[in-house]
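The values are calculated or read from the model by the stated rules, or taken from the named source; none is laboratory data. Keep in mind that this is a model prediction, so the values were computed, not measured. Reconstructed Cβ throughout: ideal geometry from the backbone, glycine too, with neighbour counts over all protein chains shown. The area values use the complete protein model at the heavy-atom level, side chains included, leaving out ligands, DNA and RNA. Shrake-Rupley method; radii C 1.70, N 1.55, O 1.52, S 1.80 Å.
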Protein chains: 2
Amino acid sequence: MLIHSASQLLTLAGDPQRGRELGRLGLIEDGAVLIRDEKIVAVGKTADLRAAYPSEPRLDADGCVVMPGFVDPHTHLVWGGDRAAEFEMKLAGTPYLDILAAGGGILSTVRQTRTASIETLVAQARPRLLRMFAHGTTTVEAKTGYGLQTATELRQLKALLLLEDESRIDIAPTFLGAHAIPPEFQDDPQGYTDLVCETMLPIVRQWWETHAPGRRLPFVDVFCENKAFNLAQSRQILEKARRLGFPLKIHADEFDNLGGASLAVELGAVSADHLVKTSDADIRALGRSETVAVALPCTPFGLAECEYTPARKLIEADAILALATDCNPGTAWNESMQFVIALACRMMKLTPAQAIAAATINAAHAIRMANKVGSLEPGKQADLLILSVPDYRHLGYRFGTNLVRQVIKKGRVYSVDVGYYRTA
Amino acid sequence: MLIHSASQLLTLAGDPQRGRELGRLGLIEDGAVLIRDEKIVAVGKTADLRAAYPSEPRLDADGCVVMPGFVDPHTHLVWGGDRAAEFEMKLAGTPYLDILAAGGGILSTVRQTRTASIETLVAQARPRLLRMFAHGTTTVEAKTGYGLQTATELRQLKALLLLEDESRIDIAPTFLGAHAIPPEFQDDPQGYTDLVCETMLPIVRQWWETHAPGRRLPFVDVFCENKAFNLAQSRQILEKARRLGFPLKIHADEFDNLGGASLAVELGAVSADHLVKTSDADIRALGRSETVAVALPCTPFGLAECEYTPARKLIEADAILALATDCNPGTAWNESMQFVIALACRMMKLTPAQAIAAATINAAHAIRMANKVGSLEPGKQADLLILSVPDYRHLGYRFGTNLVRQVIKKGRVYSVDVGYYRTA
């Protein structure tokens, strides 16, 4: 199939976009892309591809922007229940300690996830996953971490495998057993850390080999923060995971700078995520590394905080910057990478071109899937978007709605109806 | 038709919600609403209405929230072109004066609107109007103000009448000839003020009687700010408009406190809008008046500014608070009242219930249409939403996407597909 007459075809072709290279869109005016089965075969000018493939079935982009599907490299897709009541309590002025006493906070989600069956977890995550897809996300990373006990963590992993099977969306799974200290270990974080290392990680490895044979191991991630896992505990978990062969990620510096970003660099983690309170030294370390810096602007937005990831500093330090939703039930229930781009432009002062690169090719590198997705290049998966806009800069400029017209995933076309139609 | 089994039916019934009354949802659990033709006939418990109307055709709300359609009482719906390139220039660090020198800013939209035909204006506004509708806005105020010359201002008014005719959406039009000083009058703002008063307002009145016979006159609005119309000029325009019988609105205190809010109160304006820099004295004046205070949180968000309308102060002062998108091509291209609610909760510290009331019944009062829309009460228009959530607090809590499942406008049902479907 030849998708043609894109006002702007953004290929995002090439290497990860490091530092000031960020924003290299590979823009082809009046562009076209040839896809066959699940793959991209050729990219170029409409006139050239029409001439070269005269009898190919055609899909007219009608002067819209065509670009790679978004890659969302940090989400907590699978959880039980919601925390809408807690959101209202906070706004009505209820003190946070009272909310915790009323069973609120992350442990509320842990409770609701532990008591949910696998069917319930899948049923509740499904509309979120489809909502992501409708907003143009064709590949998504998704974490466990609301079980904080082996059985529920494995149930979350299983839910991710089932969701990937039933959809056409690629899901990169991450084991985040070290997301918080579970209620059973409130007074013994080291005891839980040891449990993660000595019991959970080996079990996850074995479980994975049984349930996802031949498939790359999931990432292992840890929440390195004052009220979660300190730097030594984070190191203990990540080093153990590395010995078992897991690729690594880290939640670092969302609220406090504990040195998690430099730890990530030292251990060769694939990404370090959040990075709001990151020190200049840690930023320099990221800039000299292959560890992708993943900014999650929905989190400060969700919390109505003013401080965001210092993206310009990361760029100046030559880091590889990516963007993600952090979709989760506590701080940021948002499925749309378009909204992440709108925030990144305003709050982190990225240009639309930079934010787009951070949400596609660099995001693919943040989950080690850039060999398959994140750009429009021959041989890559045919994951692309037709946006209902004539210029890529409408991403960022406009906010609060969905600019996707069609999602093409592995060569199949899905229409997104942002309008309305009469049913009765 | 009986819409039944709403987990929560929000009626918003009753008077405008002043001061601390804001947030009175009129919530009926397991609620139902009976509609016939274009009107609401009855509201109550599912069991009661089912028993009373056993043979009525039914629409199952499936445990979702049902509520009135949103009323968006401040938009600039009709304009020509866009300013996406200017958005990128600003982020890339281009000084604002250079952007102006390159033809940017509001006068760029004026230029693109002046050169657009009526067909172009309608064609460009249509997807915005449909996008609003898909996000649950069933009644919208819309302003002229990108002509700044009689012919183009009338063309914008005409476009609004055509858009209302072709859609089922109620549009409350506003003449905003005094939106900015046009290029021809850059050195003579008083000359333009006189032109608005002596020429444009009488022509608009006459034009309206010819083109919309029998219909209520549009609002007349003025942009009372340092770089637009000063307080004396704003007064001159509004007093003249009042003498001609127009109902009044004002843009006040977006950037500077010139006293526009108190002027609005003094002249009995229907609303005063923006209100970011409003003084305590002006807030007290609003609190003692019937003038609705319309907050536009997308504007500071769009500009990445931290200061929002002091909603809590307005509530304490007993004002009638409403919310609107301010949808416009310069600072806030967003069509979704749901996103306005998400901002209002976080940045203005409204609860979801308060924000919902401000976006429905109070917003209807801000455009004097509360006799017809803004709440679910027998005799009112059947304008309502079925949201794909079980609890109203998901509005505000979640952000960046569209939670509407169905829009019912004047009794007709429209489905909004937030998911996707395969087309090829």
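Separation between the B:Ala85 and A:Leu231 pseudo-spin-labels, each 7 Å from Cα along Cα→Cβ, expressed in nm?
Going from the B:Ala85 label point to the A:Leu231 one covers 5.0 nm.
Per-residue Cβ counts within 10 Å, from other chains only, averaged over A:84-95: what number is that? Before the final figure, lay out each step's value.
Working: counts 11, 3, 2, 9, 10, 2, 3, 14, 6, 2, 0, 0.
If you average over the peptide's residues, the count of other-chain Cβ atoms is 5.
Just tell me how shielded A:398-409 is by partners: mean number of partner chain Cβ atoms within 10 Å of each residue's Cβ, no decimals. Provide the component values of the computation, followed by the final result.
Numbers: counts 11, 10, 22, 14, 8, 1, 1, 0, 3, 1, 1, 2.
That works out to 6 on average.
Over the protein assembly as shown, what percent of the accessible surface lies on carbon and sulfur atoms, probe 1.4 Å? The partial results should precede the final answer.
Details: 14030 of 27510 Å².
Carbon-and-sulfur percentage of accessible area, whole number: 51.
In whole percent, what relative contact order does chain B give with Cα contacts below 8 Å and a gap of six or more residues? Write down the numbers at each step before the final one.
On the way: 1000 pairs, mean separation 90.6, N = 424.
So the answer I get is 21 percent.
From the alpha carbon gyration tensor of the stretch B:289-361, can you work out the equivalent ellipsoid semi-axes (sqrt of 5 times each eigenvalue) and give them in Å, largest to smallest? Could you put the intermediate results ahead of the total?
Values: eigenvalues 73, 31, 28 Å².
Equivalent ellipsoid semi-axes, largest first: 19, 12, 12 Å.
Please say if the stretch B:1-159 is rounded, prolate or oblate, where rounded means a/c under 1.5 for a ≥ b ≥ c the square roots of the C-alpha gyration tensor eigenvalues, and otherwise the choice is prolate for a/b larger than b/c and oblate otherwise?
Values: a/c = 3.07, a/b = 2.42, b/c = 1.27.
Prolate, since a/c reaches 1.5 and a/b exceeds b/c.
Roughly what % of DSSP beta bridges within the stretch A:1-97 run antiparallel, to the nearest 5? List each step's numbers first, then the result.
Details: 12 of 17 bridges.
Counting DSSP beta bridges with both partners in the stretch A:1-97, the antiparallel share is about 70 percent.
Output the peptides A:220-230, A:53-63 sorted from most to least packed, where packing is the average of other Cβ atoms within 10 Å over each peptide's residues.
Numbers: A:220-230: 23.0, A:53-63: 14.3.
Those peptides, ordered most packed to least, come out A:220-230, A:53-63.
Looking at the stretch A:70-365, what % of its DSSP beta bridges pair antiparallel, to the nearest 5?
Details: 1 of 26 bridges.
Of all bridge pairs located within the stretch A:70-365, approximately 5 percent are antiparallel.
Answer rounded, prolate or oblate for the stretch A:70-365, using the Cα gyration tensor with square roots of eigenvalues a ≥ b ≥ c: rounded when a/c is under 1.5, else prolate when a/b is larger than b/c, else oblate. Before the final figure, lay out the partial values.
Values: a/c = 1.20, a/b = 1.14, b/c = 1.05.
It is rounded, given that a/c, with a ≥ b ≥ c, falls under 1.5.
So with the 1.4 Å probe, I'd like the accessible area per residue for the stretch B:139-206, rounded to whole Å². Don't skip to the end; give the middle numbers.
Working: 2130 Å² over 68 residues.
Ligands and nucleic acids excluded, the figure is 31 Å² per residue.
Note every residue of the stretch B:297-332 with a reduction of at least 40 square angstrom in accessible area, all protein chains present versus the isolated chain, computed with a 1.4 Å probe, or write none.
B:Phe301, B:Ala304
Excluding B:Leu148 itself, calculate the net charge of residues whose Cβ lies under 10 Å from the Cβ of B:Leu148, where each Lys or Arg counts +1 and each Asp or Glu counts -1. Don't skip to the end; give the middle numbers.
Values: positive: B:Arg114; negative: B:Glu153, B:Glu184.
The answer is -1.
Any chance you could check the stretch A:42-82 for residues losing 10 Å² or more of accessible area when the partner protein chains are in, compared with the chain on its own (1.4 Å probe)?
Residues meeting the cut-off: A:Asp82.
I'd like to compare B:29-40, A:347-358, B:208-219: which one has the highest average count of other Cβ atoms within 10 Å, and what's the full order after that?
A:347-358, B:29-40, B:208-219
About its Cα centre, how strong a charge dipole does the stretch A:282-328 have in debye, to the nearest 20, once Lys and Arg get +1 and Asp and Glu get -1 at the Cβ? Please report the intermediate quantities before stating the final value.
Working: 4 positive and 7 negative charges, 26 e Å.
Around 120 debye, computed over the stretch A:282-328.
Tell me: how much accessible area in total is hidden between A and B, 1.4 Å probe, Å², nearest 100?
Numbers: alone 16550 and 16590 Å², together 27510 Å².
Roughly 5600 Å².
How much of the DSSP beta bridge set in the protein assembly as shown is antiparallel, as a percent to the nearest 5?
Details: 58 of 122 bridges.
Within the protein assembly as shown, antiparallel bridges account for around 50 percent of the total.
Taking a label point 7 Å from Cα toward Cβ, how far is A:Gly19 from its twins in the other copies, in nm, shortest first?
Once sorted, the set of distances for A:Gly19 reads 6.1 nm.
With r as the distance between the Cβ atoms of A:Ala51 and B:Lys45 and R0 = 51 Å, compute the FRET efficiency 1/(1 + (r/R0)^6) and round to 0.05.
That pair, B:Lys45 with A:Ala51, gives E of 0.15.
Do the sum for chain B: with -39,500 (n - 2.57) for every DSSP H run of n ≥ 4, divided by all residues, what is the mean residue ellipticity at 222 nm, to the nearest 500 deg cm²/dmol? Before the final figure, lay out each step's value.
Values: 17 runs with 148 residues, N = 424.
So the helix-based figure for chain B works out to -9500 deg cm²/dmol.
Once the label point is set 7 Å along the Cα-to-beta-carbon vector, what list of distances in nm do you get between B:Asp188 and its counterparts in the other copies?
8.6
How would you classify the stretch B:70-210 from its alpha-carbon gyration tensor, with a ≥ b ≥ c the square roots of the eigenvalues: rounded for a/c under 1.5, else prolate if a/b is greater than b/c, otherwise oblate?
Values: a/c = 2.11, a/b = 1.13, b/c = 1.86.
Taking the square roots of the gyration eigenvalues as a ≥ b ≥ c, the stretch B:70-210 is oblate.
In nm, one decimal, shortest first: how far is the label point of A:Ala47 (7 Å from Cα along Cα to beta carbon) from the matching points in the other copies?
7.4
What average count of beta carbons from other chains do you get within 10 Å of the Cβ of residues in A:336-348? Intermediate values should be presented prior to the final figure.
Numbers: counts 4, 1, 2, 5, 1, 0, 6, 3, 1, 5, 7, 2, 2.
Mean partner-chain Cβ count within 10 Å for A:336-348: 3.
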